[in-house]
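What follows is one structure encoded as structure tokens, with my remarks underneath.
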Amino acid sequence: MSNLTSLENQVLQKLLQGDDEALGVLRDQASHAEVSSREATGVGFFTKFSLPPGAPRLAGRPTFKLGDVNGKADNLKRGLGFLLYVDDGAISTLEGYTYDEPWPDEVLGLTLTYSAGDNRDLSWAKGLIHKK
Amino acid sequence: MYDAAAEHASLTHKFTGKERDYESGLDNFGARYNASSMGRFMTPDWSAKPQGVPYAVLDDPQSLNLYAYVRNNPLTRTDPNGHCDVEGQHHSFFWCVAHSAGIIQTQKEKEAEKLNQQKREQASWERFHASHPNWSYAQYRLFVAMATMLPGPMEMSVAGEGAEALGGAAANANKLFHIFGKTEPNLEGLIAKFGSQEEAYKALLQATEAVVKQDGVTGVFEKTVQVAGESITVRGNVIDGVVHIGTAFK
């Protein structure tokens, strides 16, 4: 994806990391998707993606939200969170949000971690993706 | 027949029927001693409710005098236990104790409190309006109401407490828009049930706080809460016991 911001790129990479076939499909989608809209809400953002026609989708076309990545920043004392909306088997929206703080003009010193710690709880992610 | 007790009472119970200390000449009003010779109390009035000047009425400068007896108007007011201004009406000791503890108020005091509140609000609005002439009073009230309702930071750095509240309200308006103003979180049903984003948020926060307390949550969390029969997933952060909601979705 060429028109992602640095922050969006870092977050997407972190969210889609892991040795899992479905995560591999989502990474492939991300590499071909384009940002169709980007909206700042004052306390976060919503970035929508559009996929080229014929892009591969997850088997069973599941809908879920992936959000086990948390952020810390030098200029956000309460940190920040992210949520990737996967609709009908394809990435659709990346949401970023603060915890009762205004979203800064620039997020300084961003570090990303998984909710489980340094390493992702891959079984949790797989369970979410493959939930029937 | 000589009645020693009656004579003692007539000698010791003086000004408004209160007992007079023989040595000091002061009248015992329970909470305070009054020097009838000076027409004032010997110690300042106190209140169970923290406030700048207890029982102050901004319209009446005499109420700001902590040493005055019934605002220096003994012809129309009495003070049965030393700090109970009852506007000429007789009340029992217990009423006066409850009154001085701030548990009950006279109608006049309620009205005075309401008036004081209105004056504070007016002063706050005037301070804000002086630096923000483009804002209408209706806009100001709306945002101040939201600032009171929602937790959040003071985003704008402008002069005056009203302006600070407005800054917080602006941040909270952004928050409401972030959570409820987009289609992705799928929370339109919740807004419809509560009639507004503000009320829906209030209910969501209340439900989240209950779950956080029940489960002893600290730090970043994701919890599913029940609000008006709907299961809502809330993502937030508990810092120093305060719940900060980041986002929510159905």
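When Cβ neighbours within 10 Å are restricted to other protein chains, what is their mean count per residue of peptide B:215-223?
Details: counts 0, 0, 0, 0, 3, 9, 1, 6, 0.
If you average over the peptide's residues, the count of other-chain Cβ atoms is 2.
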How big is the stretch B:188-249 by the Kirkwood estimate over distinct Cα pairs, in Å? 11.6
Within 10 Å of each Cβ in A:80-87, how many Cβ atoms from other chains are there, averaged over the peptide? 3
What percent do you get for the relative contact order of chain A when only Cα pairs under 8 Å and 6+ apart count? 24
Once Lys and Arg are counted +1 and Asp and Glu -1 for all other residues with Cβ under 13 Å from that of A:Ala22, the total becomes +1
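Taking K and R as +1 and D and E as -1, what net charge do the other residues with C-beta under 9 Å from the C-beta of A:Phe45 add up to? Each step should come with its number before you reach the end.
On the way: positive: A:Arg38; negative: A:Glu8, A:Glu39, A:Glu95.
Local charge sum for A:Phe45: -2.
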For the stretch B:172-180, in residue order, the Karplus 3J(HN,Hα) values (coefficients 6.51, -1.76, 1.60; θ = phi - 60°; whole Hz; Gly and Pro = x) are 6, 5, 4, 5, 4, 5, 4, 7, 10
Mean 1/r over all different Cα pairs, inverted: what Kirkwood radius does chain A give, in Å? 15.1
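My understanding is that a pair violates if its Cα-Cα distance is over 31 Å; which of A:Lys126/B:Lys223; A:Lys14/B:Lys175; B:Lys119/B:Lys193; B:Lys108/B:Lys202; A:Lys72/B:Lys250; A:Lys77/B:Lys110 do that in this structure?
On the way: A:Lys126/B:Lys223 19 Å; A:Lys14/B:Lys175 25 Å; B:Lys119/B:Lys193 36 Å; B:Lys108/B:Lys202 34 Å; A:Lys72/B:Lys250 26 Å; A:Lys77/B:Lys110 42 Å.
From the list (A:Lys126/B:Lys223; A:Lys14/B:Lys175; B:Lys119/B:Lys193; B:Lys108/B:Lys202; A:Lys72/B:Lys250; A:Lys77/B:Lys110), the Cα-Cα distance tops 31 Å for B:Lys119/B:Lys193; B:Lys108/B:Lys202; A:Lys77/B:Lys110.
Within 10 Å of each Cβ in peptide B:178-184, how many partner chain Cβ atoms are there on average? Round it to a whole number, please.
5
How much FRET efficiency would the formula 1/(1 + (r/R0)^6) give for A:Ser50 and B:Glu126, where r is the Cβ-Cβ distance and R0 is 51 Å, rounded to 0.05? Each step should come with its number before you reach the end.
Numbers: r = 51 Å, r/R0 = 1.00.
The pair A:Ser50/B:Glu126 has a calculated efficiency of 0.50.
Note down the net charge around B:Arg235, summing +1 for each Lys or Arg and -1 for each Asp or Glu among other residues with Cβ under 12 Å from its Cβ.
On the way: positive: A:Lys65, B:Lys223; negative: A:Asp68, A:Glu95, B:Glu222.
Net charge around B:Arg235: -1.
Here, each number is a calculation from the coordinates, and none is a lab measurement. Bear in mind the structure is a predicted one, so any value in this text is a computation, not a measurement. No Cβ is skipped: glycine too gets one built from the backbone with ideal geometry, and neighbour counts run over all protein chains shown.
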